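Beneath this line is the structure, given in structure tokens, with notes to follow.
The values are calculated or read from the model by the stated rules, or taken from the named source; none is laboratory data. Bear in mind that the values here come from a model prediction, so they are computed numbers and not experimental data. We place every Cβ from the backbone using ideal geometry, glycine too, and count neighbours over all the protein chains shown.
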């Protein structure tokens, strides 16, 4: 059982989120509490069970209420726990503190927190130690201190009590009381400073413990005012301001408390002593009535200390009191000490580094500048010279020292003192680091060197002699150690980014380009060279001819292409890719095209050949602007300068390019074709009377027309291309739409593609004219799809809803010769009718369709649907003759007579049309009936 | 003045990472949240913290030559306060993460920033930073001892004790003390009712005969170049370690250091916090200051009340006019072999009585030794098993002339290449001296047995000792280019 719990607690603390994903916080909390009450569990297990409550109470107690309940549970466990299990009882107190503080129960002064506070005070006053251990009392004191720290002012009313406890205690426990007492004192004084009108009397009352009820209420109010301000340290260097309490010179009670605390400070451990000094420094800083001189007696003892936190508390004191406690001599001494400590052989590296940091923000009595990195005036180059970096330093020390010395010599430069030997030394140091790197130094040395180089350049790039010769040194280092290319690129990137006013990085890259293209080539360096050249090609200001020549040279003069290494191929392409977007592309066009073509034809790897071909095509077909736009997309996405260089990035990049150059399939329907509203054109025939021909002659003339190939063989269909309702807003503006149609049957000839320049959602839809060429006059459906480009340059493929071509859409008016008038048409009509009515096996057929229609309704129907096809005169009420021509060569003729019912006499030369015309008429007339009944 | 979390990890050069101990302090985290307001970054789960920590320490992905996050050349102040960039879910920085490493063990903690988060406060304005460093150093000593090689089993048992140790020294994230090194904390002896308060740093009281042991150890370091353009360097620092067994809650002891007449003053004196008071003149002499002839030169009195365990009472540095052993080292490359010529002279002021004295001549970036034809005027010459190091044992005494020489030739034709070192290439080579001289100091500083005063009624036994030892004592080949070891000699 205990093992299972140990495992569970362990896995909770390793990853609370994963643990709680397998259970619930409430459930786990309940289990913990149950187990804590279980008498069979050992106390060492119970201590372990408390750790989730100590470390992550807010993950388990999700509400304040739950926190309150948990605390009450824990307190009852505490009360029932035998006094001898001290460790467990101590941990219970810690868990209770954590739960109550983190669930805001302490801040809200909840019942449980009040009970717990009483319990703690009771334990801390129980000096009998009946149970033989002061550990519980010490823990209780620390719990009180933590509660006061998290909820400042909580114990303000108990100052006198705490003072008494501290004074009376002679065991080691006095340290715990002293820590608690000073914190409560500091918070109480802070609260008084926030109180308008508070003064010496209030302070006295506070220390005497006889606070009146009146400002007890006020204090509570205060509590909620600004939590972060009261929690912050009040000693913040020259910029910080400290709230003050005006007491006048008379505050002997406070002075008495302070000197009693300070006198005994020697008895505290260095850590507690430093905290006490810091708190008391804050108190004295807030009460101008007390002179900082109260600390003087402690100073001598502390100035020589080897303890980092004690010396630090002196520095903080100096920051708070400046020349009211520290003379100019003291200041010089402190700085000197800091320099000594920063390189003392007996101190640990982190301590020395901390002291170097303290030099950088040394609290001067009279600071001149107050920016970052303002060096103390007293830090002369001579004094700082003991801190110059050497190759024997560890990396962190070396860099910290270099940073400090850069600042020192920068100031020296500014003051125009002798062209610094110091700077020369730093440069020599840099070159000796470079030597070590050159001799095959470890990765750590390499990284350190590049950091040092960056640091040096960032301060001294204007000093040409150094920055220039460093550039040369770096170039030759690169040629000897090409595998360091990522470091070189990283350096160039950061110099460029940080020192925008300098063109060092560009010059450096140019020098590298020169070095690479002039160098004797070895195959192991090639991939690094290519990486480097790719970076160089990013610089618009650097001419790229030599890079292209280099590429051309390596692919033609070596076996590179034959070997066809995919990785190298990618590096090659990577360089080409950068060159494609280089602003100087015009000059490079032909040689670069040659390189790409060579790769496309000769490279031994298909993938590389394909990519090269793609680049070649892009280069030779796209304009420079378009090319740059196409290639700059997906480039720089995902940031990280260095990331651009990683291998996977090349793949990612090519994926990006692919996405740009392939067509995406739209998931929803984006476009649709809508039939254009019919514009009434009338029958369009020549209204002039003419000399009607004989029916047979008319037929002959009419049929002769069909000898011309393609005569009247197409049905024009007019549509509008519009957005579908569901289309995403990124498709609002579409360009270069190409519509493609495919047939669903073989009644029609295949249809050509149709191009539309653009479709904007907010503009009127463009019209699309389809010319269908029927083989047989039948209704049909067309599958339609569209390829188009969106604003971001991506291409898309989308399906359109099928286009249905209805039977009526396959009609055309009679394609009679232009010279014909109505008479000839009527003759033709009669001639055709006769032919169709003959009962010969010509395929002709007649039919009769009858229906009930009012005269008026019939008129409307004719006007609405048959006008273009009308052969008889519109005024002829007796018999209406209608002729539908259905390409390629079918006819449908109707004689409509209105008697009791309306008779549609139909004749056709293609009997297969009869079912269609029947249903067509049925639809027409029924809709007409509807409108009239 | 508190820490939000504490981690102890072990790893081998970035691999085999394991979290040995972790502790989060919920109430301090609660304060951190209030203090930082909107710029608050929660401490991520342990695995994330560890990965970020390793990256920042330059230890992650040991098999990759370049990782941008780890090897970026942008200079940030890293050590001692690291900055961990937390990616998800709440992007932000964990700062200042303190980390100290010793061998395979790294200890880290995250001190509370008790100042407005923006702009970032100076490290020097946060007391929690120096406290965190003290806590980490104390825990490190507790876990690993002060010895150089950590013992795995001891480490494991100490780690198991850590929860109860933290209950005493840092129960709620505010460090109160550091654990006593080595010994497990003993239950305190109840103090007799006295008026005198017991120091918090004293775990109990001594009963029995008083004994005071004062040991003075001076360490000398040197860089000798045998080159006119470069000044040879040497420095000396001393430490006084005490073990006091004296009765009483707060007994007084006084140790006095004295210098011989015309001895140069002790500088950069640092004292243990148990020293009760210091004369300001003791602190005035400093190694970084212009040497002031009128400076105080003793006697140096250190009144203190001792803790029970051994402690370092004080340390100093001193400027001595000559190095104890002056050496010259010359190498000449001759076709297939290297001609070696060494002279070591013991200064007359140094007692010619060593506990040991050895000169090591390593040869890097070459093949193993082939033929070693080298003669020494005194002592014994050994070739290391790896055949790349000459060990010249000089025994307990230099000859009467106080000068020893080594002459000869070495050829390098061994079957396998020897060790490499990026610093010591070609003729850049050194001799490293290891020696210890009992009962002497270079500065002349001494602790007289009779000058140790113990204000106690009972009789005391007082033992004092002193010795000189070398550390980083290099003699560089004067025919090669030696690396610069201090800027002072250049400026």
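Worth pointing out:
- Residue match in the stretch B:141-158 (condition: at pLDDT 90 or above and either over 19 Å from residue B:22 (Cβ atoms) or at the interface with another protein chain (Cβ under 10 Å from one of its Cβ atoms) (or both)): yes
- Entirely in the stretch B:195-305, the strands (runs of 3 or more DSSP E) that have 3 or more residues that are in contact (Cβ under 8 Å) with a residue 60 or more places away in the chain and surrounded by 18 or more Cβ atoms within 10 Å (Cβ to Cβ): B:210-224, B:233-245, B:252-258
- Set side by side, the residues A:575, A:562 differ, and just one is under 15 Å from residue A:530 (Cα atoms), in the same structural domain as residue A:518 (by TED's automatic domain parsing) and in a helix (DSSP H, G or I), which is A:575.
- Among residues that are within 25 Å of residue B:201 (Cβ to Cβ), at pLDDT 95 or above and assigned to a helix (DSSP H, G or I), residue A:276 is included.
- Among the conditions (1) buried (at least 17 other Cβ atoms within 10 Å of the Cβ); (2) under 52 Å from the mean Cα position of the chain (by Cα); (3) touching a residue at least 40 places away in the same chain (Cβ under 8 Å), the only one that residue A:148 does not satisfy is (3).
- Those helices (runs of 4 or more DSSP H) lying entirely in the stretch B:5-103 with at least 3 residues crowded, with 21+ Cβ neighbours inside 10 Å, within 12 Å of another protein chain (Cβ to nearest Cβ) and touching a residue at least 12 places away in the same chain (Cβ under 8 Å): B:26-36, B:46-56
- Residues of the stretch B:417-451 classified as touching a residue at least 60 places away in the same chain (Cβ under 8 Å) and touching a helix residue (DSSP H, G or I) at 6+ places or on another chain (Cβ under 7 Å), total: 1
- The condition (being closer than 23 Å to residue A:405 by Cα, more than 7 Å from chain B (Cβ to nearest Cβ), touching a residue at least 40 places away in the same chain (Cβ under 8 Å) and part of a loop (DSSP other than H, G, I, E, B)) is satisfied by just one residue among A:288, A:363: A:363.
- Test: residue in the stretch B:371-385 that is in a strand (DSSP E or B), touching a residue at least 40 places away in the same chain (Cβ under 8 Å) and more than 26 Å from residue B:234 (Cα to Cα): yes
- From the options A:139, A:196, A:182, A:170, residue that is without any contact (Cβ under 8 Å) to a residue 12 or more places away in the chain and either surrounded by 20 or more Cβ atoms within 10 Å (Cβ to Cβ) or within 14 Å of another protein chain (Cβ to nearest Cβ) (or both): A:170
- Restricting the stretch A:859-903 to residues that are in a loop (DSSP other than H, G, I, E, B), at pLDDT 80 or above and touching a strand residue (DSSP E or B) at 6+ places or on another chain (Cβ under 8 Å) leaves a set whose member that is surrounded by the most Cβ atoms within 10 Å (Cβ to Cβ) is A:871.
- Selection status of residue A:526, assigned to a helix (DSSP H, G or I) and at pLDDT 95 or above: no
- The one condition in (1) touching a residue at least 12 places away in the same chain (Cβ under 8 Å); (2) surrounded by 19 or more Cβ atoms within 10 Å (Cβ to Cβ) that residue A:462 fails to fulfil: (2)
- Among the candidates B:54, B:143, the residue that is out of contact with any helix residue (DSSP H, G or I) (no Cβ under 7 Å at 6 or more places or on another chain) and over 30 Å from residue A:376 (Cα atoms) is uniquely B:54.
- In the stretch B:313-327 there is no residue matching the filter, namely being surrounded by fewer than 18 Cβ atoms within 10 Å (Cβ to Cβ), at pLDDT 95 or above and either within 14 Å of chain A (Cβ to nearest Cβ) or assigned to a strand (DSSP E or B) (or both).
- Residue match in the stretch A:547-568 (condition: in contact (Cβ under 8 Å) with a residue 60 or more places away in the chain, surrounded by 15 or more Cβ atoms within 10 Å (Cβ to Cβ), under 26 Å from residue A:480 (Cβ atoms) and under 32 Å from the mean Cα position of the chain (by Cα)): no
- Among the numbered conditions (1) at pLDDT 95 or above; (2) at the interface with another protein chain (Cβ under 9 Å from one of its Cβ atoms), the only one that residue A:471 does not meet is (2).
- Filtered by the rule that a residue be farther than 30 Å from residue A:668 by Cβ and assigned to a loop (DSSP other than H, G, I, E, B), the stretch A:788-833 gives A:811, A:813, A:814, A:815, A:816, A:817, A:818, A:819, A:820, A:821.
- Applying the criterion of being facing chain B (nearest Cβ under 10 Å) and not in a helix (DSSP H, G or I) to the residues of the stretch A:309-352, the residue that is nearest to the chain's Cα centre (by Cα) is A:348.
- In the stretch B:443-483, the residues that are in a loop (DSSP other than H, G, I, E, B) and either over 26 Å from residue B:406 (Cα atoms) or assigned by TED's automatic domain parsing to the domain that holds residue B:237 (or both): B:443, B:444, B:445, B:448, B:452, B:456, B:457, B:458, B:459
- Taking the stretch A:149-167 as the range and being under 23 Å from residue A:89 (Cβ atoms) and away from every other protein chain (no Cβ under 11 Å) as the test, the residues that pass are A:154, A:155, A:158, A:161, A:162, A:165.
- Restricting the stretch A:475-492 to residues that are more than 12 Å from every other protein chain (Cβ to nearest Cβ) and more than 16 Å from residue A:526 (Cβ to Cβ), the residue that is surrounded by the fewest Cβ atoms within 10 Å (Cβ to Cβ) is A:476.
- Residue ID - surrounded by the most Cβ atoms within 10 Å (Cβ to Cβ), chosen from residues in the stretch A:53-66 that are more than 10 Å from chain B (Cβ to nearest Cβ) and part of a helix (DSSP H, G or I): A:60
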